[in-house]
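To keep things clear, I will list the structure first and then write my remarks on it.
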């Protein structure tokens, strides 16, 4: 007899669906089927069963081959490279629990590390914009229950956050939105006619890299100012029309993604979108929400925030915390050659960083803590496979709207495997030992 | 005024943070005392003397102290940071934070500087014969109080995000400038002799930009408001005036809104 | 655990009526004891003041909006030295919104041992608890917000007190909350549509209920549940000229309600940051103090307590569950504005603010807080807070003590104000020569708030049997006359003992302590109706499943300390 586990949290994207059901074998060791999740989420659960999973830490040999080692030895090695480095980079943290992050931070405090998460190549620009102008926002339930005007700007939930539309935004039915998608007008702004754009009532094809100007024009139009005939490839008539649609709504929400966070101007695009949202509150109610990617990148920012006061790019090297993206951001540190040791936890810079950064990761001693083999493990000197958070161990995670949800354990990890929090605990012990700190 | 000369003799393996490279910190110290002062590479604390030769003598006060730096300082941060008086001359290129948070005195760079030079500058003078990186004269992250006073001159080109949240003072750029000039400014003046790309004065409420060259894309919220003949940076020319950013809230004087002004040379 | 004898200090303990007598205080096994023969440690407190550990009844130190305040203000970290990692001390930074570590160390430096996080959005409860868990030393508890909660609005509208009580008990248990907080009743729900409730009779859109009904109903439910603390209220119309009438209307709702609890609490309503609610005038131009009118009411009504929310004249970060207020504040100062509306429950806003002594409104706000505290007749019912960080950061408490204890110190501040005459003209502060005693300060900062929280039998005093939370301040009340010394001494406790453990030894942090977190578990009569309502509402309107809502006590709380109550009818 198999059994059905309910209320499971999907550890994939920032949508952090918490209604997943998983069928597991009677002995609780095997995941048989996954219900309610999107295709990506199902795959994440089922992939945990993969027979070729690496289950023990391994060290790269001089000839480039791997040699299996113990968690204890791997922890010793990790502690040593972090203690030896003058300025170690401790990057990732977005696909792990807040508990593991917290342990990592205690290590960083002692070894003078730079703590950075995947926001650095994702919504870090959103965080910078927030620091410049704030952010009027709300939880996703407010969108579900109230929103009647929804803008997707530079994001494509149909592919990146598949269940977002049904759970929260387009199709969900709430207290004041009983007719679901019929209660709402959907606007998609994107240079490409994406699959999400095909769901929109209004699709605005903005000229690539000119989001800032278009957002500015919307703000000017909102104040009744005159506009040039065309802005960012959009006619002024269309801009006034969009403004009327927004002003005519009772509750406007803007969702935005990597299309604006990492195109020309980065944080300034978000800054302007936030300013537009704030302005709309003079006429109606409006909120703005970032489509955060990794399921717990938001949590990493939160834990860094309450422990050190900054949400990413936190440089502890001098014994106190400093923050300045452009200097203390992973890619700047790697490409400029500011760091001499690296720990990667729960993310894959090997896939997402520019090649110059990846080369640097390759050239310095790097430990990668990751359940899977990734391009990053390939350029690391030590790979520590761990249990998968949200599947093989629970822990605290934060949804894209900062709502904290405790993820659950579904099955045991392969025999003898540690969780990343446990492994980092071993590293912390070793660091304490090297530094002569009493525990 | 007494002069101390600091010459780099060894390049650091990583980057070196020299918070004390200001007249304020070094005044009244002898060369051998200066050589003993700490500099930082990551978490390690090293001595100035390990990387630099120090000669000459400081004045009894910062006011009477001139620091001359010779060599390649592209791996050295914070030269002249937080200085309030005295003089710094840098013969060579430097890394980030040259003259950041400076409130007075004079820095001359015969070379180029990295990012974040003159962050939140509140007084004094910074002259650069080469180029400057991004965030020249910008506010620190999150602060609404950017450069408020003082003068920056750059003979060459300047990177992006120049004069963000500027509230006063002046920046004169001999060459070209990258995107985002005077974003969120609420005062101050930026003169650009070369060309600009886009996003001049975005979200600015007050302040003035003078552009002698071309701009690729104008902000949509700038509206033509006449023309005028002016002498700017020693050059006389006719400028078209634009008022903006119309998308932004603006303070009023006698019931009329005050705008940021963009002057484009005709 | 070690036994400690604190010898020869000037002991001040309003709980026992001790007013500076030279006495010894003995500690054994975490508690205060009558006497001790062979102490493991002796602290010589001669020439110093000994008080119970401070109790902060209202402070924003943990949770979602506090963390927005931290992360969206990197520049706040530049306003003070970021203290480096040192021994057992974590690195500690931030100015108006310190990190959890700095929060703990600065409270410890002031001799505080208990702090109440005053606004916990239920949906974000887990976050609040994670921060409290990571905050060393101080004992904490958090108050979930109820004044805009859909269930509460619905039940109270229909007068279903049993149902409201059953729901509130369920929510306290789910969120591991300590009591009933109500912020801008109805107004924050209205703000979800961009509206507000400015008087107690403004109807809440769609819910057909008024703030009057919400406040009265929550007071009633609070006593029905026999909670240790009373309703903790931030009333409507905060921060607006002329709001004192709303405040008086609200306070009057407490008349006729009787406290019903086993915790020694005597009030039925705690009105928080009353300074922000005691404004006269019609605009900022004719803005003036109505502190006297409001304090007169409180003085004559023993079932009401208040904390002040003193303006400290600093650059700070305002943050409140009063979403519409922050929006309007942002319209005044045009700095950055963050807002989070929370589905079915509440909301919050955050705006940095600079209280400048050169701006007359700020000067008047500063005056009102002090005026009210000096007009208060019973400091067991009037507490020292800054509504941290709204009116100023908590680490300014010692400066407020100085102002309260020295007319000269107050006049020195007034004299530096650009609009001194105008400021003096708009409140009665200048005519008050009262100087509070250390005894009254002890009432305002430990004995009083502990009693109002229903914690009076274990903290806030030095009675044998109570938890050994004790602060020793380097201040000699017999010889000291310089008011500056007050501020210095109360920011630099020489010794701090928490639950019998030495935290500060000779001013140095020697332990991160063994903090605990209080929460309240009320048993109510099983209520199928409410259970069904909760189930259905989660399915239909929440975006989190009900089974993922409850905060797991063992994962998210350090030393949970549950207060069990039986309210089965």
Members of the range C:30-71 that are touching a helix residue (DSSP H, G or I) at 6+ places or on another chain (Cβ under 6 Å) and under 27 Å from residue C:11 (Cβ atoms) | C:51, C:52, C:54, C:55, C:57, C:59
Residue set A:386, A:427; condition modelled with pLDDT of 95 or more, in the same structural domain as residue A:306 (by TED's automatic domain parsing) and not in a loop (DSSP other than H, G, I, E, B); output residue A:427
So how many residues does the range A:315-337 have that are crowded, with 24+ Cβ neighbours inside 10 Å and in contact (Cβ under 8 Å) with a residue 60 or more places away in the chain?
-> 8
Condition broken by residue A:357, with the remaining ones in (1) under 16 Å from residue A:104 (Cα atoms); (2) crowded, with 18+ Cβ neighbours inside 10 Å; (3) over 18 Å from the mean Cα position of the chain (by Cα) satisfied | (1)
Condition test on residue A:293, is it away from chain C (no Cβ under 11 Å), touching a helix residue (DSSP H, G or I) at 6+ places or on another chain (Cβ under 8 Å) and at pLDDT below 95?
-> yes
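Yes/no matrix, rows are residues, columns are (1) more than 26 Å from residue A:389 (Cβ to Cβ); (2) within 14 Å of chain C (Cβ to nearest Cβ):
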site: A:310; (1), (2): no, yes
site: A:314; (1), (2): no, yes
site: A:319; (1), (2): yes, yes
site: A:324; (1), (2): yes, yes
site: A:330; (1), (2): no, no
site: A:337; (1), (2): yes, no
site: A:341; (1), (2): no, no
site: A:347; (1), (2): no, no
site: A:354; (1), (2): yes, no
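Listed here are the residues, each with its yes/no results for (1) in a helix (DSSP H, G or I); (2) in contact (Cβ under 8 Å) with a residue 12 or more places away in the chain; (3) under 27 Å from residue C:288 (Cα atoms).
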position: C:198; (1), (2), (3): no, yes, yes
position: C:201; (1), (2), (3): no, no, yes
position: C:214; (1), (2), (3): yes, yes, no
position: C:227; (1), (2), (3): no, yes, no
position: C:232; (1), (2), (3): no, yes, yes
position: C:265; (1), (2), (3): no, yes, no
Can you pull out the helices (runs of 4 or more DSSP H) entirely within the range C:479-569 that have at least 3 residues that are within 14 Å of another protein chain (Cβ to nearest Cβ)?
-> C:528-540, C:553-556
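Please specify each residue of the range A:226-250 satisfying the condition of being under 32 Å from the mean Cα position of the chain (by Cα) and within 13 Å of chain B (Cβ to nearest Cβ). Please lay out each step first, then the result.
Taking the range A:226-250 and keeping what is under 32 Å from the mean Cα position of the chain (by Cα), we get A:231-234, A:239, A:242-243, A:245-247, A:249-250.
Correct list: A:231, A:232, A:233, A:234, A:239, A:243.
Only residues that are over 30 Å from residue A:254 (Cβ atoms) and either at the interface with chain C (Cβ under 7 Å from one of its Cβ atoms) or assigned to a loop (DSSP other than H, G, I, E, B) (or both): list them for the range A:394-412, please.
If the condition is that a residue be over 30 Å from residue A:254 (Cβ atoms) and either at the interface with chain C (Cβ under 7 Å from one of its Cβ atoms) or assigned to a loop (DSSP other than H, G, I, E, B) (or both), then A:394, A:408, A:409, A:410, A:411, A:412 are the ones that fit.
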Can you find even one residue in the range C:377-392 that is touching a strand residue (DSSP E or B) at 6+ places or on another chain (Cβ under 9 Å) and within 14 Å of another protein chain (Cβ to nearest Cβ)?
-> yes
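Yes or no: the range A:61-80 includes at least one residue that is within 14 Å of chain B (Cβ to nearest Cβ), surrounded by fewer than 24 Cβ atoms within 10 Å (Cβ to Cβ), part of a helix (DSSP H, G or I) and in contact with a strand residue (DSSP E or B) (Cβ under 8 Å, 6 or more places away or on another chain). Talk me through it step by step, then tell me what you get.
Going residue by residue through the range A:61-80, those that are within 14 Å of chain B (Cβ to nearest Cβ) are none.
No, the range A:61-80 has no match at all.
Considering only residues that are part of a strand (DSSP E or B) and at the interface with another protein chain (Cβ under 7 Å from one of its Cβ atoms), look in the range C:305-349 and name the one that is surrounded by the fewest Cβ atoms within 10 Å (Cβ to Cβ). First the steps, then the outcome.
Step one: list which residues in the range C:305-349 are part of a strand (DSSP E or B), which gives C:305-307, C:315-320, C:337-342, C:346-349.
Filter once more, keeping what is at the interface with another protein chain (Cβ under 7 Å from one of its Cβ atoms): C:337-342.
Working: C:337: 23, C:338: 26, C:339: 28, C:340: 27, C:341: 28, C:342: 27.
Restricting to residues being part of a strand (DSSP E or B) and at the interface with another protein chain (Cβ under 7 Å from one of its Cβ atoms), the top hit is C:337.
May I ask you to say which residue of A:204, A:274 is free of Cβ contacts under 8 Å to residues at least 40 places away in the same chain and more than 17 Å from residue B:217 (Cβ to Cβ)? Lay out the reasoning, then the answer.
Working: A:274 fails: free of Cβ contacts under 8 Å to residues at least 40 places away in the same chain.
Just one listed residue meets the conditions, A:204.
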Of all residues in the range A:141-178, which are at the interface with chain C (Cβ under 10 Å from one of its Cβ atoms) and closer than 30 Å to residue B:202 by Cβ?
-> A:142, A:143
Is at least one residue of the range C:43-52 within 30 Å of residue A:325 (Cα to Cα) and in contact (Cβ under 8 Å) with a residue 12 or more places away in the chain?
-> no
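Tell me, yes or no, whether the range C:358-367 has at least one residue that is at pLDDT 95 or above, surrounded by fewer than 24 Cβ atoms within 10 Å (Cβ to Cβ) and touching a helix residue (DSSP H, G or I) at 6+ places or on another chain (Cβ under 8 Å).
Pass one, the range C:358-367, residues at pLDDT 95 or above: C:358-367.
Restricting the remaining residues to those that are surrounded by fewer than 24 Cβ atoms within 10 Å (Cβ to Cβ) gives C:358-362.
In the following step, the residues that additionally are touching a helix residue (DSSP H, G or I) at 6+ places or on another chain (Cβ under 8 Å) were identified as C:360.
Checked the range C:358-367: at least one residue is at pLDDT 95 or above, surrounded by fewer than 24 Cβ atoms within 10 Å (Cβ to Cβ) and touching a helix residue (DSSP H, G or I) at 6+ places or on another chain (Cβ under 8 Å).
Does the range C:501-528 hold any residues that are on the phi > 0 side of the Ramachandran plot and over 24 Å from the mean Cα position of the chain (by Cα), and which are they?
Going residue by residue through the range C:501-528, those that are on the phi > 0 side of the Ramachandran plot are C:506-507, C:513.
C:506, C:507 - these are the residues of the range C:501-528 that are on the phi > 0 side of the Ramachandran plot and over 24 Å from the mean Cα position of the chain (by Cα).
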When the residues of the range A:211-225 are filtered to those that are free of Cβ contacts under 8 Å to residues at least 24 places away in the same chain and crowded, with 21+ Cβ neighbours inside 10 Å, which remaining residue is farthest from the other protein chains (Cβ to nearest Cβ)?
-> A:221
Would a scan of the range A:193-206 turn up a residue that is more than 15 Å from residue A:153 (Cβ to Cβ) and either buried (at least 24 other Cβ atoms within 10 Å of the Cβ) or within 13 Å of another protein chain (Cβ to nearest Cβ) (or both)?
-> no
Output the residues belonging to the range C:423-436 that are surrounded by fewer than 23 Cβ atoms within 10 Å (Cβ to Cβ) and either without any contact (Cβ under 8 Å) to a residue 60 or more places away in the chain or part of a helix (DSSP H, G or I) (or both).
-> C:424, C:425, C:430, C:431, C:433, C:435
Looking at the range A:415-438, which of its residues are more than 22 Å from residue A:95 (Cα to Cα) and touching a residue at least 40 places away in the same chain (Cβ under 8 Å)?
-> A:429, A:430, A:431, A:432, A:433, A:434, A:435, A:437
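Okay, residues lined up against (1) closer than 25 Å to residue A:275 by Cα; (2) surrounded by 11 or more Cβ atoms within 10 Å (Cβ to Cβ):
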| position | (1), (2) |
| --- | --- |
| B:227 | no, yes |
| B:236 | no, no |
| B:243 | yes, yes |
| B:247 | yes, yes |
| B:256 | yes, no |
| B:265 | no, yes |
Kindly establish whether residue C:131 is in a helix (DSSP H, G or I), out of contact with any strand residue (DSSP E or B) (no Cβ under 7 Å at 6 or more places or on another chain), at the interface with another protein chain (Cβ under 9 Å from one of its Cβ atoms) and free of Cβ contacts under 8 Å to residues at least 12 places away in the same chain.
-> no
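The values are calculated or read from the model by the stated rules, or taken from the named source; none is laboratory data. As the structure is a computational prediction, the values presented were derived from the model and not from experiment. Note that each Cβ is placed from the backbone with ideal geometry, even for glycine, and that neighbours are counted across all protein chains shown.
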